[in-house]
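Colleague: I'd like to ask some things about the structure below.
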Amino acid sequence: MALLALARELPHLGRADEVRPYLDEAADIFRQLTRLNPEFLAFLTAMARKQGITITEDGRFAEPDPVEHLRRTTTAPPEPGALARIQKLNENALRLATSGSLDLAVGMARDAVDLCREAARTSPGVKIALARSLHNLALVQSWNGQLADALAAADESVHLGRRMLAAAPELVRPLLADALDTLATRLAAVGRPHDALPPAEESVALHRQLAAADPTFQLAGMARVLNNLSNRLVGADRHAESLATTQEVVALHRRLRADEPGKHLTGLLHGLANLGIRLHRMGREGEILAPTQEAVELLSELTELTEIHPGNDLAGLAESLAWLGDRLAEQGHRPEGRAAVRAAKDLRRRVRTGR
């Protein structure tokens, strides 16, 4: 059975050409056992079928169809009530994180993952919920400073998503797109900027596919992953591409703000601050004043506590504004530079106090 299980898993790892030797070895053992005891025939045949493998007329094992096997296991109905409990745990974990109770949030997210693993033993359809729960766990662990653990959870979520994509593309593609973005961010956070770029690019490509296929697709997600891609491009020293991507981010957030006034403020603030930094890196210092001033003016609208969320990285925004303020002062724009530095100082205070 171990040989059959290995043969079933290899195609999902991109190693389909290695399957045949394991199937042939399993078939030899199968024939020996049935010669010793013919009653083994029905039992072993049933076990093989559970692995998605059939027996041909000449006594060989046929190579498994990974898509069909995944379709059956991914879409199999879960235990009644299991998904509701998992969803509730995930919702509570994210709510606790938003309120600043990060240790409790991590514990709740772990409970969701553990429940998924337990339920998946009897209900393979829970695997999609497991991938989603792992993604949520990665988020709250990263907000809590558990960088290595967050990377491991994000990586497992991506691996699960890849395995299930062919079987349930409509359900899995949005989840995989977000998980790839989180994986890229986590890789960058542990000092692996070049490893972070491919998943960031793949995430953006998937988001573009989703947006093209569905006119109602949320552009906020697209803007978020593009902003993260611009950061990954900087890590790869691809500054011209990073600037172009950041310009797209700012344009998207302006559109979102026009459609939903009062929302998407932090996204636009990050986009404007990053735009100023990207322009500086490209030697276009004379252009950093406008986005920096706009960001400082928009900060006055940041009045809701809900915006001060660990996922919004307002501490990072404050550092960016302070840096831009110093650059403006160096260029002779001292009043504007001082205004940016004061805004950064005030934002740090608000993040620290939660007000």
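No lab work stands behind these numbers, since they all come straight from the coordinates. Not measured: the values here are computed from a predicted model. Cβ sites come from the backbone with ideal geometry, for glycine too, and all protein chains shown count toward neighbours.
Colleague: Only one of these is within 14 Å of Leu324 (Cα to Cα) and surrounded by fewer than 19 Cβ atoms within 10 Å (Cβ to Cβ): Gly276, Gly262, Gly286. Name it.
Modeller: Gly286
Colleague: Exactly one of (1) touching a helix residue (DSSP H, G or I) at 6+ places or on another chain (Cβ under 7 Å); (2) part of a helix (DSSP H, G or I); (3) under 22 Å from Val250 (Cβ atoms); (4) not small (Gly, Ala, Ser) is unmet by Arg173. Its number?
Modeller: All conditions pass for Arg173, except number (3).
Colleague: Kindly evaluate Val234 against the criterion of being touching a residue at least 24 places away in the same chain (Cβ under 8 Å), surrounded by 15 or more Cβ atoms within 10 Å (Cβ to Cβ) and within 20 Å of Arg284 (Cβ to Cβ).
Modeller: yes
Colleague: What number of residues within segment 105-152 satisfy the criterion of being surrounded by fewer than 22 Cβ atoms within 10 Å (Cβ to Cβ), touching a residue at least 40 places away in the same chain (Cβ under 8 Å), farther than 27 Å from Arg192 by Cβ and among the small types (Gly, Ala, Ser)?
Modeller: Residues in segment 105-152 being surrounded by fewer than 22 Cβ atoms within 10 Å (Cβ to Cβ), touching a residue at least 40 places away in the same chain (Cβ under 8 Å), farther than 27 Å from Arg192 by Cβ and among the small types (Gly, Ala, Ser): 2 in total.
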